[in-house]
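Take a look at the structure set out below.
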Amino acid sequence: MWVYYTPVLQVLEFFPCTEEGWKEAQTVEKRLIKPDLNNPLCLNENCGGILSLESCQKGAKVTLNTLHSEKDEQGRSVHGVNSVKNLEKIHDAKDDSGKSVHAVSAGKQTHREKDEFGRSVHGLQSADRIHAQKDEQGRSVTAVKSMEKVNSQRFRCEVTGHVSNPGGLSRYQVKRGIDTSKRVRVQ
């Protein structure tokens with residue numbers, strides 16, 4: 001059936017990443033999938049995985065350690081280096097604007113579902129999760145931390161010597177017709 005079907009990811013419910021959340025997710029999965037498991041149109045091959053969250057996490061650690069155990073002469077993971085090379089091959093094909101054809105296609109696929117205002121449903125859901133935690137002033141904790149990190153970075157224009165944060169220096173250089181790559185991080 002996978003040959004004739006393009007799967008669409010739809011999140012039905014979120015569960016905490018705890019043993020209790022894992023068990024609750026398994027219960028919901030069994031309730032939703034098990035009655036339809038033998039239907040020839042059902043694309044699920046099993047229902048209610050037999051492993052606990054702890055077992056899955058341990059298995060992932062063992063797999064990662066095994067994958068990255070072989071090192072090259074510089075001490076880097078051979079698997080990791082090969083993965084990077086494969087990614088570079090995947091992104092070799094570029095469109096007219098120099099963007100990876102593969103990445104553009106994947107982005108379109110991820111963001112194809114739109115709301116009534118034409119915004120990506122996936123993007124909005126991701127933003128909601130990222131910015132869910134608020135500080136005492138109602139600001140996103142993630143955004144505040146990110147802003148503090150960016151604003152703590154200082155760059156100097158190599159042409160004029162002007163020092164500012166990344167965004168401020170970009171505006172400064174563009175306004176004066178200076179190439180924005182002519183900068184050096186000073187802090």
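The values are calculated or read from the model by the stated rules, or taken from the named source; none is laboratory data. Bear in mind that the values here come from a model prediction, so they are computed numbers and not experimental data. Note that each Cβ is placed from the backbone with ideal geometry, even for glycine, and that neighbours are counted across all protein chains shown.
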Enumeration of residues in the range 61-115 that are farther than 26 Å from Pro7 by Cα, of a type in the set (Lys, Arg) and within 21 Å of the chain's Cα centre (by Cα): Lys61, Lys85
Filter result for the condition that a residue is farther than 30 Å from Asn65 by Cα and modelled with pLDDT under 90, over Glu148, Glu136: Glu148
Hits in the range 27-57 - residues which are at pLDDT below 85 and outside any loop (DSSP other than H, G, I, E, B): Ile33, Lys34, Pro35, Asp36, Leu53, Glu54, Ser55, Cys56, Gln57
Flag for Val174 being outside the structural domain of Thr6 (by TED's automatic domain parsing), in contact with a Ser or Thr (Cβ under 7 Å, 6 or more places away or on another chain) and in a helix (DSSP H, G or I): yes
Every pair of residues 6+ apart whose Cβ atoms lie under 6 Å, when the first sits in the range 1-24 and is in the same structural domain as Gly48 (by TED's automatic domain parsing) while the second is assigned to a helix (DSSP H, G or I) and not small (Gly, Ala, Ser): Phe15/Glu24; Glu19/Leu53; Trp22/Leu53
Selected residue (criterion: nearest to Ala143 (Cα to Cα)) from residues of the range 110-130 that are assigned to a loop (DSSP other than H, G, I, E, B) and either among the polar types (S, T, N, Q) or out of contact with any helix residue (DSSP H, G or I) (no Cβ under 6 Å at 6 or more places or on another chain) (or both): Arg119
Tally, over the range 12-38, of residues that are among the aromatic types (Phe, Trp, Tyr) and over 17 Å from Arg129 (Cβ atoms): 1
